[in-house]
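Since the structure comes first, as structure tokens, the remarks are kept for the end.
The values are calculated or read from the model by the stated rules, or taken from the named source; none is laboratory data. Everything quoted here is computed from the prediction, not taken from an experiment. Reconstructed Cβ throughout: ideal geometry from the backbone, glycine too, with neighbour counts over all protein chains shown. Note: areas computed on protein heavy atoms with side chains; ligands, DNA, RNA excluded. Shrake-Rupley method; radii C 1.70, N 1.55, O 1.52, S 1.80 Å.
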Amino acid sequence: MREVDQVFWADEFRALQSQGYFFFDFLTAYERDSQLVVIARVANPETKQSQMLTAKVDAQQNSMASISVTYPGAIWHERETTEMFGISFVGLEDARPLLRRSMLGRPPLLKSSVLAARMLKPWPGQPSHRKQQPVGVVDDWLQL
Amino acid sequence: MTTVDRIPAQSHGVIALSASACTSCMICVRECPAWCIELESHDEEVTEPGARRPRTVSVLDVFTIDYGLCMYCGICVDVCPFDALAWQPDFDYASGSATGLVQGINELESWGKVRE
């Protein structure tokens, strides 16, 4: 896995394709310490070698260059990443939502997004004699 | 050869419960990211022969796993300090209703033996 500057994200993949990395595997994002990171993997079918690249997403702009011109297979993945993490891809022509048609509310895979299910269902692990905060909820989580 | 024969023994098929090994410590319930395990228990006093005073043991009343919510991560199996939960390579428990995917003590115990 190799981290690249987000400015060179699209250039890196163009270079990789010219080196024989024709097979696009996946693209997605993850959030660590409030920093969004985009990650993608491409492979060379001849040599069976692969390259996995990551790039930090600029928090101000919250956008990345699209690699869908180089790898058309990335279109679906970039659409999904836009929907789930709110990252916009510059140069992605088909930006129609996949599941969240209205795109209302916060992107669901951001750690700051509170899931409705966490408010509707009581936590089954709540101790009877004291109040405890379950893992994986926001700090001000309150059970209704 | 049936399908089950060809599936590796540690496959994430279904989670089997050994109710006698469970101490109702609630660790699995609290660690489950999908909140799909429910557990209720009560304490009973057991007097063993030769013991000076009775021992308090927890007895399971309710233990359910909702396979409609479970994401098969296996954290409950990993964190159980008493090996009361174990994976079994069984997949044949589809249901036509959401409530049919909630399995209780009897169903969970029927998935193979956790301890031979």
Taking amide H positions as placed 1.01 Å from N in the peptide plane, with prolines and chain starts having none, which residues 5 or more places from A:PHE26, or on another chain, fall under 5 Å of its amide H?
A:ARG41
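Lys pairs in the protein assembly as shown, Cα-Cα under 26 Å, at least 8 apart or on separate chains: how many?
Pairs that pass both the separation and distance tests number 4.
If you count, for every residue in A:132-141, the Cβ atoms of partner chains within 10 Å of its Cβ, what is the mean?
Values: counts 1, 0, 5, 4, 2, 0, 0, 0, 0, 0.
Mean number of neighbouring Cβ atoms from other chains: 1.
Could you size up the charge dipole of the protein assembly as shown around its Cα centre, putting +1 on the beta carbon of Lys and Arg and -1 on that of Asp and Glu, and report it in debye to the nearest 20? Provide the component values of the computation, followed by the final result.
Details: 23 positive and 33 negative charges, 80 e Å.
The dipole magnitude comes to about 380 debye.
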Cα-based helix-to-principal-axis angle, A:9-18 vs chain A, degrees rounded to 10:
40
Residues of the stretch A:108-125 buried by at least 30 Å² on assembly (accessible area, 1.4 Å probe, chain alone as reference):
A:ARG118, A:LYS121, A:TRP123, A:PRO124, A:GLY125
May I ask for the angle, rounded to the nearest 10°, between helix A:74-85 and the longest principal axis of chain A, with both axes built from Cα atoms and the value confined to 0 to 90°?
20
Mean accessible surface per residue for the stretch A:1-137, computed with a 1.4 Å probe while every protein chain stays in place, in Å²
61
Which one of B:SER41, B:SER97, B:SER20 has the biggest mean-square fluctuation once chain B is modelled by GNM with Cα springs under 10 Å?
B:SER97
Quick one: check the C-alpha center-to-center distance for the stretch B:46-69 versus the stretch A:1-77, whole angstrom.
53
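Tell me the mean residue ellipticity at 222 nm calculated for chain A from its helices only (DSSP H runs of n ≥ 4, each -39500 (n - 2.57), averaged over every residue, nearest 500).
Working: 3 runs with 27 residues, N = 144.
It lands at -5500 deg cm²/dmol.
Before anything else, pin down the relative contact order of the stretch B:4-115: Cα pairs under 8 Å, at least 6 apart, normalised by residue count, whole percent.
Details: 200 pairs, mean separation 44.6, N = 112.
Across the stretch B:4-115, relative contact order equals 40 percent.
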Positive dipole terminus of chain B, leading residue within B:CYS80, B:PHE91, B:LEU39 (C-beta point charges)
B:CYS80
